[in-house]
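Note sheet for the following structure.
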């Protein structure tokens, strides 16, 4: 970086700025005055390049960032039965939302049906239960799937859920190429942190590459993978580990997909990321900035991407659920506000703000509304969205960005080493030898010891503890959802053609046995016969086996 | 308890819940407090936990629950312990709302530890539960 030179107007005086300015001036901007509350006009950006929208994108992935469009305020919802969640979805759409984000319940996330013994006490608790195509139909009833973008947070059984979504759309005359949305499908972080895996890593990656191949060919508006550091951080990692493990997982998927014969520029532009925004403000901002720079450089230099879109690290951010305290829960509103501001200053493309009561249960409606209002305050009242990368050029922020990058590169070097020159093999090796879970558990324990020793203050937990009135208003999901869902599943099983189900499941197993076959078409056919989620999962499990984590401390 | 008085505790994740940050931290806290910790890992059943408790002659069973399934699964564990004719106390930690504390105790859970319990409180609660048997 050269020393910034600015004219009196605050506009840098250099050819890079002029080139960026040309792109900026051509873009459509939000219809509002860009000036401070006191009426002082502000420039779109201050300081040096590389400017936003230009490689390596440290200052932002687009030339205009929030001056054209604010981040998407995408709030995650899902509970009870498909009908309950459908009502919530329609409410979101009526209130002007265009994006739906679906949370599934624990049995669904694990590929189990609501009548499984494993599902006892879990149905509809952490999200919506989906057993068959009938539930998926209820979930999206009376919603025009060609007009919304749907995000589905599911990993192990992602292919089956995507197949159900495709099948429901088809019933309504919507073809796969019209569908827009994202399915998380990031299996690596399941072994590393969230632990919602089904099969061992290699067959799981085969399913994901099949989904990438299928969506690349048939669903140009679909994002087949959301590479997620969020859960890694929640499980206890440091910011740098979150950054490094997530991007390494991204490199690993790129290696897997290109090895399966897909050209990097055909799919990399549809990859997106998902990060955590925790409370250490400047560390988080440095992390977000470093993520863009690292991804761009690796995609260009190591993986030979040519298309600009392949190099853009576009990400969703969620505030840190793990930072929320059960003690004095209202003060979580302040934590969320600070974390949301870090996400905005870090240049996120979309944001979910947690509700203050989430340390205890799913959010109540009031708490969820306060959370949304919090990011609306950041967007509309603080001025943070008026200037692109407003902290860029600050010595501490630039140093932190470099430091995050340096720590991440050290981790990539380790993975490259244990993978003998392949990040994909390095990630497999790190899963197998307990590297990821060990590093995360060590970091989590270090943090707890610091809190326990009083070296690190968590307000309301180990200091400033007065004022906890102990009042808790929490959302409870009653047993009715579980009873209803079991009965519904029994009815669907009663009404279906068992021979057709058996034949379609056999076809899934056959495809699983053939590494050249793509699993998506037979899975789509199977769900159309009302084969259940668990039955399809088991049809593959026959070939792929299950993954059991070694219990390491 | 072993002859030297060392407490031997089984820690496990019962059911589908995969949140294991808390239980791993608790395992290290209890080890640091001088106990022998046998961590069974994820996706355990009441049967697998009972089998381990019998085989290891455990002094206590500790469960960590973060999925709002504690009102179903914790009493099921207590019942399984009784059916196996063991007197091993069942200790539950995790995301447990205050209003569930008494019902869980009524169901026979020996100790319930909520968010924010310090390392000393966790270790002492285990010692007390074992001593009360």
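Rule-based calculations on the coordinates, nothing more; no lab input. Bear in mind the structure is a predicted one, so any value in this text is a computation, not a measurement. Here the Cβ positions follow ideal geometry from the backbone for every residue, glycine too, while neighbour counts run over all protein chains shown.
Quick look at the values:
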| item | result |
| --- | --- |
| Potential extension, residue A:455-residue A:178 segment - 0.36 nm per residue separation minus Cα distance | 94.3 nm |
| Reciprocal of mean inverse Cα separation for region B:8-128 (Kirkwood radius, Å) | 14.0 Å |
| Cα-based helix-to-principal-axis angle, A:435-452 vs chain A, degrees rounded to 10 | 60 degrees |
| Estimated distance in nm for a label pair at residue A:281 and residue A:442, the labels positioned 7 Å out from Cα along Cα-to-Cβ | 3.1 nm |
| Overall form of region A:428-553 per C-alpha gyration tensor (a/c, 1.5; a/b vs b/c) | oblate |
| Segments A:175-181, B:39-45, A:59-65, A:119-125 sorted - mean Cβ within 10 Å per residue, highest first | A:119-125, A:59-65, B:39-45, A:175-181 |
| Sequence of A:126, A:313 once ranked by neighbouring C-beta atoms within 10 Å, starting from the fewest | A:126, A:313 |
| Mean shadow area of the protein assembly as shown over all directions, Cα convex hull, nm² | 31.0 nm² |
| Distance in nm between pseudo-label sites at residue B:128 and residue A:35 (7 Å out along the Cβ direction from Cα) | 6.4 nm |
| Ordering of A:24-31, A:483-490, A:335-342, A:194-201 by burial proxy (mean other Cβ atoms within 10 Å per residue, highest first) | A:335-342, A:194-201, A:483-490, A:24-31 |
| Computed label-point distance, nm, for sites residue A:542 and residue A:410 using a 7 Å Cα→Cβ extension | 5.0 nm |
| Residue order, fewest to most beta carbons within 10 Å, for A:480, B:36 | A:480, B:36 |
| Folded to 0 to 90 degrees: helix A:281-297 orientation relative to chain A principal axis, Cα | 70 degrees |
| Residue-averaged [θ]222 nm for chain B, counting only DSSP H segments that reach four residues, each worth -39500 (n - 2.57) | -13000 deg cm²/dmol |
| DSSP beta bridges in the protein assembly as shown [antiparallel fraction, %, rounded to 5] | 5 percent |
| Measure of compaction for region A:122-189 (Cα Rg per 2.2 N^0.38 Å) | 1.10 |
| Relative contact order (%) - chain A, alpha-carbon pairs under 8 angstrom, separation at least six | 18 percent |
| Relative compactness, region A:67-452, computed as alpha-carbon Rg over 2.2 N^0.38 Å | 0.94 |
| In range of the label at residue A:429: residues from region A:221-252 whose backbone nitrogen is under 16 Å from the point 7 Å along Cα→Cβ | A:248-249, A:252 |
| For region A:426-493: rounded, prolate or oblate by the Cα gyration tensor [a/c cutoff 1.5] | oblate |
| Peptides ranked, highest mean first, by Cβ atoms within 10 Å: ranges A:40-51, B:5-16 | B:5-16, A:40-51 |
| Shape of region A:337-407, Cα gyration tensor, a/c cut at 1.5 | oblate |
| Length added when fully stretched, residue A:550-residue A:307, from 0.36 nm per residue minus Cα-Cα | 83.4 nm |
| Percentage relative contact order, region B:8-128, counting C-alpha pairs under 8 Å, at least six apart | 27 percent |
| Helix A:423-432 vs. chain A, principal-axis angle (Cα, 0 to 90°, nearest 10) | 60 degrees |
| Percentage relative contact order, region A:143-186, counting C-alpha pairs under 8 Å, at least six apart | 62 percent |
| A:295, A:399, A:222 arranged by Cβ crowding within 10 Å, fewest neighbours leading | A:399, A:222, A:295 |
| Residue mean of other protein chain beta carbons inside 10 Å, B:21-34 | 4 |
| Value of Rg/Rh across region B:80-119 [Cα atoms, Kirkwood radius] | 1.03 |
| Residues in region B:101-115 reached by a label modelled at residue A:472 [backbone nitrogen below 13 Å; 7 Å Cα→Cβ] | B:101-105, B:112-115 |
| Mean ellipticity per residue at 222 nm, deg cm²/dmol - from DSSP H runs of n ≥ 4 across chain A, formula -39500 (n - 2.57) | -14500 deg cm²/dmol |
| For residues of B:92-102, the mean tally of beta carbons on other chains within 10 Å | 2 |
| Region A:269-345-region B:1-70 distance, computed between alpha-carbon centres (Å) | 34 Å |
| Neighbouring partner chain Cβ atoms per residue of A:440-453, average, 10 Å criterion | 4 |
